[in-house]
Structure formats: structure tokens, C-alpha cells
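The values are calculated or read from the model by the stated rules, or taken from the named source; none is laboratory data. All values derive from a computational prediction rather than experimental measurement. Backbone-built Cβ (ideal geometry, glycine too); neighbour counts: all protein chains shown. These accessible areas exclude ligands, DNA and RNA; they are computed on the full protein's heavy atoms, side chains included. Shrake-Rupley method; radii C 1.70, N 1.55, O 1.52, S 1.80 Å.
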Amino acid sequence: MNKHIQIFDTTLRDGEQSPGFSMTHSEKLRMAEQLEILGVDVIEAGFPIASDGDFEAVKAISKRITNCQVAGLCRIKHDDICRAWEALQFAEKPRIHTFVATSDIHLVHKLNMSREQVIEAAISGVTFARSLCDVVEFSAEDASRTDPDFLCQILEAVIEAGATIVNIPDTVGFAVPDEFGSLIRKIKTEVPNISKATISVHCHNDLGLGVANSLAAIQNGAKQIECTINGIGERAGNASLEEIVMALAVRKSFYGSETKVNTAQLYPSSQLLAEITGNQVQPNKAIVGKNAFAHEAGIHQDGVLKNPLTYEIMTPQTVGVPQNSLVLGKHSGRRALGDRLDKLGFTFSKDEVNKIYQCFTVLADLKKTITDEDLIYLSKTGIDLAEKPDIAENLQEYINQ
Ligand code: KIV
Ligand code: ZN
């Protein structure tokens, strides 16, 4: 049987706290509703103590969302936890997510605390959080740069204090997959009470390895992945939700895992986030970028027209993209041109298509992409133009018009 991997979406917290991605109260609510439709298990709605706006957004999302757990972030200080609970108490399925840094770098330079003091504070915070809420997640910030034995020690202590989920963040995107997978394996095998908690990971993308590290963690026992739509988040972002979900779906027999995400809602969710934040998705972004299902090379276009499986590992419809596109440009072949002319309602003989194709390749050298309007022009003029010696000058005139 496949393992269920919980998808913890932090678009509205880690994603929203990155420069250029802030959202208004109503935009956050709209996005939360879409995440519910998408079918994520947990929505991290914000960091309530960070601002009144964040507090109100977490409260409103808690009231509105019924099918997902709603989490709010807080440090391990009691007043932080209280503020988070004040907002989350309205949720049908609330989760307190409390964190403290555990690496020596953070302990010495940021918190000015000893390891013993951090363990004490974490136990106190988690115990208090559990007195308010049945579901408490503890995050060991900068876990990937924490002494692994100390990490196991603090995880054992917080599980004993009542944490139901322990999250292992690669806060600064420093980990690499084999090493991160081994860390998760160590936690799974060496923390004595680990069976009482779910192991989660939260990977940043500073080396572009957020998704790879998350997948390595799944192979070694993680059951919850923290991620964001379009991979937004602090600095280079978080592991991208759509990439993780589709890696698990497309390579199901390899990972033996599945999520309950409705994959056909991935593209609509990505588009909604881009629209709300005004940040377009990079064209070559896996799964949801505009080129993810676009084919320009002639050999590829010919293959896709014969059978999409030749160059597509998933159908565009699986992720909610209406259809693949054969982009006509200088790398395209006769087959794709003929197919597009057919779709535009033109019927030409093979010889006529060859002549139009001759002009098409000249035009494609002069312009980056060929639009349907260009094709209509070529279908009216191309057959005659192909006989003339000055095709390029004629087409340059057409472009200049
Ligand atoms: O990156 C990080 O460590 C975080 C934690 C607060 C989970 O965002
Ligand atoms: Zn983070």
C-alpha cells in the first residue's frame, strides 16, 4: 500500500514573508480557499504575533477553512503561543506550529542560549501549546546545521512533552539529498519515542535542492512535506508544492507514496498566486511554467503529434493546463506547420505546404515566434512568394507594416 504524504502548504506564511509577495487580507483568504480546493492537508496561514494583519488573516482563515488543518506559527515563548492560539482557536482543525533554533550558530550568535536552556524552553513551550491544542508541531530551526545527536536529543524531549509532529527544516538550503536523507533516517531510528510523532521536513532552495532534499526525506521516513505554490519563500524560496506532488504522482511506483492533492488544481492555484502577487511564474518552471508543455523543436513536435508520450511524462490536463502547445518558431518542422494550418481551417496539398514552409522558415528567422495571424498571412501569400527570389525582403516588409 502507498504511504500517505501530508502536504503542509506554507505559501501564506513562509511564501508571503518574502519580498514582493505580500498579500492583503482578502487575497490571503482567496488563496486559502484555493488551497482547500487543491486538497492540501495543512494550510499555514501566517505568523500571528508578527503583525495585527497577520493575526487577523490567521483568524479569518481559521473561521473559513473546514477541510484542511489550519496552522499558525509562533516562537516557543508563551505569549507568542497564546497569540497564535487566539487566532487559531476558531479553526475546525487547528494546529500550533512552534519553533526554536537548535544549531550552535544560532544558539551562540542569535539566541545567546546554551543547548540545555534551549531544550528547557522547547519543553516548556510545547507543554504549554499542548495544553491549548491537540495538534502541536515543533520545528528545530536550522536543523540541517545542528549537531545531529543534539537534534535527536531535543526531538525526544519535545515528543515527550507532547509534540505530535517534529519538523526538520533545512532553513538555509544547505543540505544535499544523501546527507539530508541520512539525517532523517537517523532521527527515525535513533529517537526512542519517534513513533509517537510524524516526521516533517521544510526545505529551502538556496542550492536549488529543496525538492530533491524533500524527496530524499520521504525515502527515509518523512511523512509530511512543507512546501509552497510556485516554490515561493524566503530568499531562493521553499520546495515547490507542484513539483513534489507531481514527482510522487508520476514516479509513484518508485516512491510508493501519494498525496491527496487534486493535481488538476495545480495550474489554477499557481496562476491565482501569480495574479494576486503580480509575480509571473518563470516560463521554464517545472509543471506550471508556460513552457512546461510547449514544444518547439520539429522532431519533438512530430513525436507529440504522433503520441504525446514520446515527449511528455504527464498530460497537461493532469495538472490543469488545458492543452499542450506546439510553438511555431525556427526549430519547428513541416508536420507542426501543416497541423496548425489544418486547425486554422486551411487545406493545402503537400506541395503547397512545402512552399508555405519555405517562407515560414524565412519568417521564423526574422521573428521570435510565429502567431496565427502570421500563418494566415503566409497561407494567403506563401505559395506565390516561395517562387520569388527576394522572400526575406518581402517578409521584412510584412513585419514592418
Ligand atoms: O525555514 C525555517 O526554518 C522555517 C521554520 C520557522 C519552520 O521557516
Ligand atoms: Zn522556512
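Sub-8 Å Cβ pairs linking a first residue in the range 224-252 that is in a loop (DSSP other than H, G, I, E, B) and within 10 Å of ligand 2 (Cβ to nearest atom) to a second residue that is open to solvent by 10 Å² or more (accessible area, probe 1.4 Å) and among the charged types (D, E, K, R), at least 6 apart or interchain, are 235/206, ordered by first then second residue. Yes or no: the range 191-214 includes at least one residue that is buried (at least 22 other Cβ atoms within 10 Å of the Cβ), of a type in the set (D, E, K, R) and within 14 Å of ligand 1 (Cβ to nearest atom). No. Is it the case that some residue within the range 81-97 is assigned by TED's automatic domain parsing to the domain that holds residue 171, open to solvent by 40 Å² or more (accessible area, probe 1.4 Å), at pLDDT 95 or above and within 16 Å of ligand 2 (Cβ to nearest atom)? Within the range 81-97, none of the residues are assigned by TED's automatic domain parsing to the domain that holds residue 171, open to solvent by 40 Å² or more (accessible area, probe 1.4 Å), at pLDDT 95 or above and within 16 Å of ligand 2 (Cβ to nearest atom).
For the range 39-47, the criterion of being more than 16 Å from the chain's Cα centre (by Cα), more than 20 Å from residue 265 (Cβ to Cβ), more than 16 Å from ligand 2 (Cβ to nearest atom) and not in a helix (DSSP H, G or I) is met by no residue.
Whether a residue is open to solvent by less than 20 Å² (accessible area, probe 1.4 Å) and either without any contact (Cβ under 8 Å) to a residue 12 or more places away in the chain or more than 16 Å from ligand 1 (Cβ to nearest atom) (or both) was assessed, and residue 173 does not pass this test. When we screen 70, 58, 40 for residues that are buried (at least 24 other Cβ atoms within 10 Å of the Cβ), modelled with pLDDT of 95 or more and out of contact with any helix residue (DSSP H, G or I) (no Cβ under 6 Å at 6 or more places or on another chain), the only hit is 40.
Away from ligand 2 (no atom under 16 Å from the Cβ), closer than 11 Å to residue 228 by Cβ, open to solvent by less than 10 Å² (accessible area, probe 1.4 Å) and part of a helix (DSSP H, G or I): does that describe residue 12?
Answer is no for this residue.
Figure legend. Inter-residue proximity from the range 6-21: first residues assigned by TED's automatic domain parsing to the domain that holds residue 234, second residues away from ligand 2 (no atom under 13 Å from the Cβ) and modelled with pLDDT under 95, beta-carbon distance below 8 Å, spacing 6+ or different chains. Indicated pairs: 16/22.
Determine whether the range 130-138 contains at least one residue that is aliphatic (A, V, I, L, M), closer than 23 Å to residue 57 by Cα and in contact with a helix residue (DSSP H, G or I) (Cβ under 8 Å, 6 or more places away or on another chain). Checked the range 130-138: at least one residue is aliphatic (A, V, I, L, M), closer than 23 Å to residue 57 by Cα and in contact with a helix residue (DSSP H, G or I) (Cβ under 8 Å, 6 or more places away or on another chain).
Scanning the range 347-380 for residues that are open to solvent by less than 40 Å² (accessible area, probe 1.4 Å), closer than 17 Å to residue 396 by Cβ and assigned to a helix (DSSP H, G or I) yields 359, 360, 362, 363, 364, 374, 378. Here residue 303 meets the list (1) open to solvent by 50 Å² or more (accessible area, probe 1.4 Å); (2) without any contact (Cβ under 8 Å) to a residue 12 or more places away in the chain almost entirely, failing just condition (1). Which one of 381, 361, 347 is closer than 22 Å to residue 296 by Cβ and out of contact with any strand residue (DSSP E or B) (no Cβ under 6 Å at 6 or more places or on another chain)? Every option except 361 fails the conditions.
Taking the criterion of being outside any helix (DSSP H, G or I), in contact with a Lys or Arg (Cβ under 9 Å, 6 or more places away or on another chain) and open to solvent by 10 Å² or more (accessible area, probe 1.4 Å), the residues of the range 135-161 that qualify are 135, 147, 161.
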